[in-house]
Amino acid sequence: MRAEDLLIPAAEGLYCPPGDFFIDPLRPAARAVVTHGHSDHARAGHGAVLATRPTLDIMAIRYGAGFAGATQAAAPGAVTRIGEVEVSLHPAGHVRGSAQVLMQWRGFRAVVSGDYKRAADPTCAPFEPLRCDLFVSEATFGLPVFRHPPALREVEKLVASAALFAERAHLVGAYPLGKAQRVMALLREAGWDRPIYLHGAMERLTEYYRADGVELGDVRKATGADRAALAGAIVICPPSAMQEAWARRFPDPVACFASGWMRVRARARQRGVELPLVISDHADWDELCATIVETGCSQLWITHGEEDALAHWATTRGLAARPLRLVGYGEEDAGDGAAQESAA
Amino acid sequence: MNRFAELLDRLAFEPSRNGKLRLMTDYFSRRGDPERGMALAALTGSLVFAHAKPGLIRALIEERVDPALFRLSYDYVGDLSETVALLWPRAAQAPAEAGEQGFAPTLAEIVERLSRAGKRDLPGLLAGWLDALDETGRWALLKLITGSLRVGVSARLAKTAAAALGAREPDEIEEVWHGLSPPYPDLFAWLEGRGPRPQTQDPAPFRAPMLAHPVEAGDLDGLSPADFSAEWKWDGIRVQAIRAEQGGRAIARLYSRAGEDISAGFPDLVASLLSMSGARFALDGELLVVRAGAVQSFGALQQRLNRKSVSARLIAEHPAHVRAYDLLAEDEADLRERPFCERRARLEALIARLDAPALDLSPAIAFAGWDDIARLRLEPDHARDAAAIEGVMLKRLDSPYVPGRPKGLWWKWKRDPHVVDAVLMYAQRGHGKRSSYYSDFTFGVWRDGAAGAELTPVGKAYFGFTDAELRALDRYVRDNTVERFGPVRVVGAGAGRGLVLEIAFEGLNRSTRHKSGVAMRFPRIARIRWDKPASEADRLATLEAMLPQV
Ligand SMILES: [Zn+2]
Ligand SMILES: [Zn+2]
């Protein structure tokens, strides 16, 4: 049996013929399994969607209640039969509700990782290692230059800077789903007990995290806050907001950006970042390699990111590796106006 | 080293000039001698030790990391030092084994060891330090040791920060600088009011240059043409050529505009200066390559730049030349306070007296009004060297020679660029600020091929766009790649798809090296035409019509 009988990389995303469904399809599909709520993976307009309960909630927040014809919530590890295939969703540790897709068919096991990380994250369930024959891994940070430092240490840098420049506001660019809430939870862990201010675009998702049981402490709206209160404050906003007129309301802001890309200086400089915070919701190089080994897979497919390096590494380990070169993933919620324009 | 690395790291991310000055002045005031002096030397490019070649650093990393992974990483990061700093494996042994005193080495210690180290000691020394330092320390060390410390700080800015220790002007440091050597204890003592002003022993010092303002719309209104002198703006590099004598010995020196001593790269000019028996002067002019009396392209001059040594053949094929336009000192006299017209008259007399083949005068342009200048700027009547003229310079006849860019004394008025619409064909990742993004773009225009219209590449551009546009272009390249050749991505382009780039450039030459037969000078992306279909981009015939007539 070939892996391609179970899974085919198509322009719309990964297609499973014996189950007749797509995983994270980029265009409206009759039947979709969705790994997590980032906008490049979770799109509106599918006929039927299978996903975890938080992912369905997040999609409803983003697209409205009627985002799909029908929805089905899968409990972690519970098996759903779609066509000839037994499908189950398992925590991926990426953002709240994020899941890997395990497909079992005629004794063959394939896992599609979606986006994942192995580092601890107080806002979501930890990644669950699964044994499989075919592993489809993301490779956003698939180069050995990407080794994420402990996220708490990065947040401590932010806290120290806010203490040092007590008259300036610290604007932290973070993706609205997952990263923003993780940074807030980490700030609490680092002992920051003052209010955290929030850009309007993040309010609903943050409210959802809190309602779903994530402790974030005193979180307030940045809009309308007293300018004096914002001196020395930490404000979380979408990365794109840092260059907008919105940012001018803050006293002499320090531009911070929480992203795995900040590990490369040129990326930080290019965005005008003064305080880069290397905090990522994706596996770094060491985590990618360790996870691939842990799955025991004999075949590795690699999607969005730096596919070539990981494929090379896997080949030297005797794995059959294939870069999928799927287009359309990897800009999770960047909120980058220019990038969206060009993609249109 | 870790403190210095932290400084460099913060400098690299600090966008404002004032912020950089604050960071450096703060560092100089907190750190003692010799550490801060070594830091000042590093920031001004004044440290002398045999730099590690990139090959040595590659060899070190390839012993530790799969070469293919190194290559992919380097292609992504775009900077050797940073790539190695990020890739360097965590030291297996305790860091204590590495540094001389059992911990991370200091900058002064590194510089001192390097100055004593032989070539064969270098790899072991470097590997030990890399094991002992953290990622920022490794990055800073590699930058230092390869002689490529670029953190957006010029030598001038570092000196300005040091001058601020004693509320002094940077020019005061500049005047004594060439008599000093690292770690500058006398300089810091003077700046902190603990010692006398250091004596300059240099008989051929650099003098900070005077710069011109670009002419913007309306700038010339209300100015009287009769108050100004005009000359061509040459497309070379600005130099100071100095001949001095000390103890009966002649000294000749060439400085770049930034005060860097570039004499070693121009033995032909140095020999010519030395042969001018008895003359003592410091003149300001343009370094050009002049062959058979005609100024050669900037490309020809580039062959001579940034070389530590030059072959006789290179000198013969690309003879260096100074075209003088100002005289800063002659014999004992410092002329910088004198009006331009007086300096110019003395310069003309000096050049005539010297009568040297490698030195001539940048001619004055005769003009009656600003309209003449506007026309000449576009169509220089200096027929032989028209291609080497970038525009015109306007200098107030009564202007003293003021270092920096004083208001209203000198103006530069450049030729306007040409513009064509071209189609993006290939992309590669860039270096420096643009690294890790697809940011080096090859573009083409249409011509008739065997099977109908086809694109032929006409140039490469890697600047002219904003940061947001760079991210959009990177995304476009990744989404529209149709083929890859190593690091090069072929971007889908044809009648039905493709991205049009409006390219601005300074001039066009015939070229046998390019398939299209034309080569652009200083092409840059003026606008991204997301809106324009590729089929409406320009044709090669449009470019051919712009070629200079032979
Ligand atoms: Zn994601
Ligand atoms: Zn993703």
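The values are calculated or read from the model by the stated rules, or taken from the named source; none is laboratory data. These figures come from a predicted structure and were not determined experimentally. Because the Cβ atoms are built from the backbone with ideal geometry, glycine has one as well, and the counts that use them run over all protein chains shown.
If I ask for residues that are out of contact with any Ser or Thr (no Cβ under 8 Å at 6 or more places or on another chain) and surrounded by 18 or more Cβ atoms within 10 Å (Cβ to Cβ), which ones from region A:163-173 would you list?
A:Arg168, A:Ala169, A:Leu171, A:Val172, listed by residue number.
Within the set of pairs 6+ apart or on separate chains, which have a first residue in region B:384-401 that is in contact (Cβ under 8 Å) with a residue 40 or more places away in the chain and farther than 18 Å from B:Phe298 by Cβ, a second that is basic (Lys, Arg) and buried (at least 17 other Cβ atoms within 10 Å of the Cβ), and C-beta atoms under 6 Å apart?
Sorted first by the residue in region B:384-401, then by its partner, the pairs are B:Tyr401/B:Arg336.
So, B:Ser73, is that one surrounded by 15 or more Cβ atoms within 10 Å (Cβ to Cβ), within 21 Å of the chain's Cα centre (by Cα) and of a type in the set (Ser, Thr, Tyr) or not?
Spelling it out, it is not the case that B:Ser73 is surrounded by 15 or more Cβ atoms within 10 Å (Cβ to Cβ), within 21 Å of the chain's Cα centre (by Cα) and of a type in the set (Ser, Thr, Tyr).
For B:Gly124, state whether it is modelled with pLDDT of 90 or more, surrounded by fewer than 18 Cβ atoms within 10 Å (Cβ to Cβ), assigned to a helix (DSSP H, G or I) and not aliphatic (A, V, I, L, M).
Details: modelled with pLDDT of 90 or more: yes; surrounded by fewer than 18 Cβ atoms within 10 Å (Cβ to Cβ): yes; assigned to a helix (DSSP H, G or I): yes; not aliphatic (A, V, I, L, M): yes.
The answer is yes for B:Gly124.
How about region A:312-323: which of its residues are more than 10 Å from chain B (Cβ to nearest Cβ) and assigned to a helix (DSSP H, G or I)?
Answer for region A:312-323, where residues must be more than 10 Å from chain B (Cβ to nearest Cβ) and assigned to a helix (DSSP H, G or I): just A:Ala314.
Where in region B:421-509 are the strands (runs of 3 or more DSSP E), entirely inside, with at least 2 residues that are surrounded by fewer than 21 Cβ atoms within 10 Å (Cβ to Cβ) and away from chain A (no Cβ under 14 Å)?
In region B:421-509, the matching strands (runs of 3 or more DSSP E) lie at B:438-449, B:452-461, B:500-505.
Do you know which residues across region A:112-128 are more than 13 Å from the chain's Cα centre (by Cα) and within 12 Å of ligand 2 (Cβ to nearest atom)?
Result: A:Val112, single match.
Restricting to region A:13-27, give me the number of residues that are over 23 Å from A:Val95 (Cα atoms) and surrounded by fewer than 17 Cβ atoms within 10 Å (Cβ to Cβ).
Going through region A:13-27 one residue at a time, the tally reaches 3.
State whether one or more residues within region B:56-79 are more than 14 Å from chain A (Cβ to nearest Cβ) and over 18 Å from B:Ile145 (Cα atoms).
Yes, region B:56-79 contains at least one residue that is more than 14 Å from chain A (Cβ to nearest Cβ) and over 18 Å from B:Ile145 (Cα atoms).
Considering A:Leu14, A:Leu26, which residue is among the hydrophobic types (A, V, I, L, M, F, W, C) and either more than 16 Å from ligand 1 (Cβ to nearest atom) or modelled with pLDDT under 95 (or both)?
Numbers: A:Leu14 fails: either more than 16 Å from ligand 1 (Cβ to nearest atom) or modelled with pLDDT under 95 (or both).
Result of the check over A:Leu14, A:Leu26: A:Leu26.
So which of A:Val79, A:Val145, A:Val112 ends up being surrounded by 17 or more Cβ atoms within 10 Å (Cβ to Cβ) and away from chain B (no Cβ under 14 Å)?
Criteria check complete, one pass: A:Val112.
So which residues in region A:292-326 are under 19 Å from A:Gly93 (Cβ atoms) and within 16 Å of ligand 1 (Cβ to nearest atom)?
Residues satisfying the conditions are A:Ile302, A:Thr303, A:His304, A:Gly305.
Could you tell me which numbered condition A:Ala268 fails, if it satisfies all but one of (1) in contact (Cβ under 8 Å) with a residue 60 or more places away in the chain; (2) more than 16 Å from ligand 1 (Cβ to nearest atom); (3) not basic (Lys, Arg)?
Every condition holds for A:Ala268 apart from (1).
Only one of these is in contact with a strand residue (DSSP E or B) (Cβ under 6 Å, 6 or more places away or on another chain) and in contact (Cβ under 8 Å) with a residue 24 or more places away in the chain: B:Gly37, B:Gly78. Name it. Write out each step before concluding.
Values: B:Gly37 fails: in contact with a strand residue (DSSP E or B) (Cβ under 6 Å, 6 or more places away or on another chain).
Residue meeting the stated conditions: B:Gly78.
What is the one condition in (1) within 29 Å of B:Phe281 (Cβ to Cβ); (2) more than 26 Å from the chain's Cα centre (by Cα); (3) part of a helix (DSSP H, G or I) that B:Arg197 does not satisfy?
Only one criterion in (1) within 29 Å of B:Phe281 (Cβ to Cβ); (2) more than 26 Å from the chain's Cα centre (by Cα); (3) part of a helix (DSSP H, G or I) is unmet by B:Arg197, namely (3).
Every residue in region A:90-110 that is more than 16 Å from ligand 2 (Cβ to nearest atom) and under 16 Å from A:Phe22 (Cα atoms), please.
Across region A:90-110, the qualifying residues are A:Leu102, A:Met103, A:Gln104, A:Trp105, A:Ala110.
Could you list, in sequence order, all residues of region B:401-420 that are touching a helix residue (DSSP H, G or I) at 6+ places or on another chain (Cβ under 8 Å) and not in a strand (DSSP E or B)? It would help to see each step written out before you state the result.
Our first condition is that a residue be touching a helix residue (DSSP H, G or I) at 6+ places or on another chain (Cβ under 8 Å); within region B:401-420, this holds for B:401, B:403, B:413-416, B:420.
B:Tyr401, B:Pro403, B:Arg415, B:Asp416 - these are the residues of region B:401-420 that are touching a helix residue (DSSP H, G or I) at 6+ places or on another chain (Cβ under 8 Å) and not in a strand (DSSP E or B).
For a quick check of your reading: which strands (runs of 3 or more DSSP E) sit entirely within region A:210-273 and have at least 2 residues that are closer than 30 Å to A:Glu306 by Cβ and within 14 Å of chain B (Cβ to nearest Cβ)?
Numbers: elements: A:219-221, A:234-237, A:254-258.
By residue number, A:254-258.
Here's the yes/no breakdown for (1) without any contact (Cβ under 8 Å) to a residue 12 or more places away in the chain; (2) within 20 Å of the chain's Cα centre (by Cα):
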residue: B:Asp131; (1), (2): no, no
residue: B:Gly152; (1), (2): no, yes
residue: B:Lys159; (1), (2): no, yes
residue: B:Ala167; (1), (2): yes, no
residue: B:Ile173; (1), (2): no, no
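With the structure loaded, tell me whether A:Gln104 is modelled with pLDDT of 95 or more and away from ligand 1 (no atom under 16 Å from the Cβ) or whether it fails that test.
Yes.
Which members of region A:274-306 meet the condition of being in a loop (DSSP other than H, G, I, E, B) and within 12 Å of another protein chain (Cβ to nearest Cβ)?
Of everything in region A:274-306, those that are in a loop (DSSP other than H, G, I, E, B) and within 12 Å of another protein chain (Cβ to nearest Cβ) turn out to be A:Glu274, A:Val278, A:Asp284, A:Glu306.
Looking at region A:38-52, can you tell me whether even one residue there is over 19 Å from A:Arg204 (Cα atoms), within 15 Å of ligand 2 (Cβ to nearest atom) and surrounded by 24 or more Cβ atoms within 10 Å (Cβ to Cβ)?
yes
Check off (1) over 14 Å from B:Glu109 (Cβ atoms); (2) over 21 Å from the mean Cα position of the chain (by Cα) for B:Gly45 and give me the number that stays unchecked.
(2)
Would you be able to say whether some residue in region B:26-40 is modelled with pLDDT under 95, surrounded by fewer than 21 Cβ atoms within 10 Å (Cβ to Cβ) and within 14 Å of chain A (Cβ to nearest Cβ)?
Yes, that holds for at least one residue.
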